[in-house]
Amino acid sequence: MIKNFDPEKYVDLPQIPGDETKRQYYFIEQCKKRVVELTETLGHAPTCCVTTFGCQMNARDSEKLVGILKQIGYEIIEDENADFVIYNTCTVRDNANQKVYGRLGVLNGYKKKNPHMKIALCGCMMQEQTVIEKLQKSYRFVDLIFGTHNIFKFAELLYRTYDSKEMLIDIWKDTDQIVEDLPVERKYSFKSGINIMFGCNNFCSYCIVPYVRGRERSREPKEIIREIEQLVADGVVEIMLLGQNVNSYGKNLENPMSFAQLLEEIEKIDGLERIRFMTSHPKDLSEELIQVMKRSKKICRHLHLPLQSGSDRILKAMNRRYTKEQYIALANHIRQEIPDIAITTDIIVGFPGETPEDVEETMDVIRKVQYDNAFTFIYSKRTGTPAAAMENQVPEEIVKEGFDKVLKLVQETAQKRVSRYQGQVMSALVEEVNESEAGMVTGRLSNNTLVHFPGGDELVGKIVNVSLDECHGFYYIGRQV
Ligand code: SAH
Ligand code: SF4
Ligand code: F3S
């Protein structure tokens, strides 16, 4: 735990509630008063920009930050030249970190011109000691730093920041707390992410997530259901259940429950049209889940099933706990049971010790499984993970060669897969009006493919039938029928 702030020091605040949710609402009220003062000084409501790096978990966390900021009275804007800027960071690969450092330089320029400006950093990158040390040394202009485990304390931390001249740091090593019912402001009115679990216990040898997000914790099913019911009452038709490994949901609950059972409960919610989830670890994907998906009217025809590598030797070194054959058999079985399902994946190229033959094995899986889409990443060494200490790191040129080959194959296969629906009519949830093309909207099919078709604002949030007329690589141009 790294912190330079001690809540016990602040004895000036009377009657701080003991219950954590109430405590944070108390601080929201305190912050509101400060924002009223700030509004007078500035001549306008203070503006705030929240920039999100990384995955859907972080995107959901940012919605929680924005929910609190809006209640406090900030005007949320997209421009980083704001009175308050928050970077919600990611550290899964080094390029995510480098982006943050680069952009902090720009923020410092803004801050020099705006004496009221505050800068906060949070998210996964902040859970790394070396990052904090670097910020303390070279980025003194940052006002507030907190981590992934105490994001629920945001209102309280923000309140402390108003009077603090020094950089305030509050990083927890872990937590077993799940704080419910804090404000949240959705980016989309009609769809929402929902955390069903936090953390990860898998320790894939390349991955930093278990170190920065802590141990696996599942939310109580009744809390999840209640949140979804509220969302549906508020106009949400599609939800995405979020967890690093949703297939192991519920194992540590007082009354254990499987992910498939949770899905069956969620299916019953009236008014909810579509259910998505992310991410499924192949080693924990059960037959029960496949059967529930097959029967379901609401679970989308899309499964993200990260492969990472097709070589048994590399999979073992990665600690993925499945073999190439097991993975292919699983994918085939899923396709057999649910023929219209889209399978997508994540692939890492350049893991320590990976040879061109190993890359061939990965390509063999791509050919056999025929993914609808795949995210291909160059291995990034993350300090503190077992893979970072492996001696046989692969030279950059070799990695690049393998990466280009995998990417090319993935693109070819995915285009072929996506195009197989040409001429069919499918239902699409309209997500937005196209910015670049007037009179067009973008919809998402159940299988996650995008379709652009003529339409206006009034369609956003609606599920409509679309004829998939022309396939353009990874998306369709169609028309409403
Ligand atoms: N929990 C998810 C993945 C979260 S991270 C799962 O297990 O599938 C998202 C993806 O980032 C991973 O699937 C992996 O492909 C990639 N990734 C993680 N660590 C990485 C690293 N050190 N270098 C390159 N890619 C990495
Ligand atoms: Fe990382 Fe593996 Fe956990 Fe996914 S399952 S978050 S890749 S350790
Ligand atoms: Fe990145 Fe953290 Fe997600 S490291 S990928 S933002 S869990």
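Just a few scattered comments:
- Count - residues of the range 415-440 that are open to solvent by 50 Å² or more (accessible area, probe 1.4 Å) and either on the phi < 0 side of the Ramachandran plot or assigned to a strand (DSSP E or B) (or both): 12
Yes or no, residue by residue, for (1) within 16 Å of ligand 2 (Cβ to nearest atom); (2) surrounded by 15 or more Cβ atoms within 10 Å (Cβ to Cβ); (3) outside any helix (DSSP H, G or I):
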| position | (1), (2), (3) |
| --- | --- |
| Asp346 | yes, no, yes |
| Gly353 | no, yes, yes |
| Asp358 | no, yes, no |
| Phe377 | yes, yes, yes |
| Gly384 | yes, no, yes |
| Ala388 | yes, yes, no |
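- The range 290-323, residues that are touching a residue at least 40 places away in the same chain (Cβ under 8 Å), surrounded by fewer than 20 Cβ atoms within 10 Å (Cβ to Cβ) and part of a helix (DSSP H, G or I): Ile290, Gln291, Lys294, Asp312, Arg313
- Leu253 being closer than 26 Å to Ser62 by Cβ and more than 20 Å from the chain's Cα centre (by Cα): no
So that you can scan it fast, the table gives a plain yes or no per residue for (1) closer than 22 Å to Gly199 by Cβ; (2) among the small types (Gly, Ala, Ser); (3) at pLDDT 95 or above:
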site: Phe5; (1), (2), (3): no, no, no
site: Tyr10; (1), (2), (3): no, no, no
site: Glu20; (1), (2), (3): yes, no, no
site: Thr41; (1), (2), (3): no, no, yes
site: Glu63; (1), (2), (3): yes, no, yes
site: Val85; (1), (2), (3): no, no, yes
site: Cys90; (1), (2), (3): yes, no, yes
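- Test: Glu220 is out of contact with any His (no Cβ under 8 Å at 6 or more places or on another chain), open to solvent by 20 Å² or more (accessible area, probe 1.4 Å) and touching a residue at least 60 places away in the same chain (Cβ under 8 Å): no
- Flag if Val232 is farther than 29 Å from Ile314 by Cβ and either crowded, with 20+ Cβ neighbours inside 10 Å or touching a strand residue (DSSP E or B) at 6+ places or on another chain (Cβ under 8 Å) (or both): no
- Evaluation of Glu254 against (1) buried (at least 16 other Cβ atoms within 10 Å of the Cβ); (2) over 23 Å from Arg444 (Cβ atoms) (one fails), failing number: (1)
- Taken together, Ser280, Ser309, Ser296, Ser258 contain a single residue that is within 16 Å of ligand 3 (Cβ to nearest atom) and polar (S, T, N, Q), which is Ser280.
- Condition met for Asp176 (away from ligand 1 (no atom under 13 Å from the Cβ), open to solvent by 30 Å² or more (accessible area, probe 1.4 Å) and without any contact (Cβ under 8 Å) to a residue 40 or more places away in the chain): no
- The range 441-472, subset assigned to a loop (DSSP other than H, G, I, E, B) and farther than 20 Å from Ala414 by Cβ, residue most open to solvent (accessible area, probe 1.4 Å): Lys462
- Options Glu133, Glu37, Glu78: the member that is open to solvent by 60 Å² or more (accessible area, probe 1.4 Å), without any contact (Cβ under 8 Å) to a residue 40 or more places away in the chain and either closer than 16 Å to Lys187 by Cβ or within 13 Å of ligand 3 (Cβ to nearest atom) (or both): Glu78
- Meets criteria (modelled with pLDDT of 95 or more, under 17 Å from Arg93 (Cα atoms) and more than 26 Å from the chain's Cα centre (by Cα)) for Glu401: no
- Subset of the range 188-217 that is open to solvent by 60 Å² or more (accessible area, probe 1.4 Å) and more than 16 Å from ligand 3 (Cβ to nearest atom) - its residue that is farthest from the chain's Cα centre (by Cα): Ser189
- In the range 40-75, the residue that is farthest from the chain's Cα centre (by Cα) out of those that are of a type in the set (D, E, K, R) and closer than 13 Å to Lys187 by Cα is Lys70.
The values are calculated or read from the model by the stated rules, or taken from the named source; none is laboratory data. Note that the structure is a prediction, hence the values are computed from the model and not measured. Cβ: placed from backbone, ideal geometry, glycine included. Neighbour counts: every protein chain shown. The protein model used for the area step is the full one, side chains on, heavy atoms only, and it has no ligands, DNA or RNA in it. Shrake-Rupley method; radii C 1.70, N 1.55, O 1.52, S 1.80 Å.
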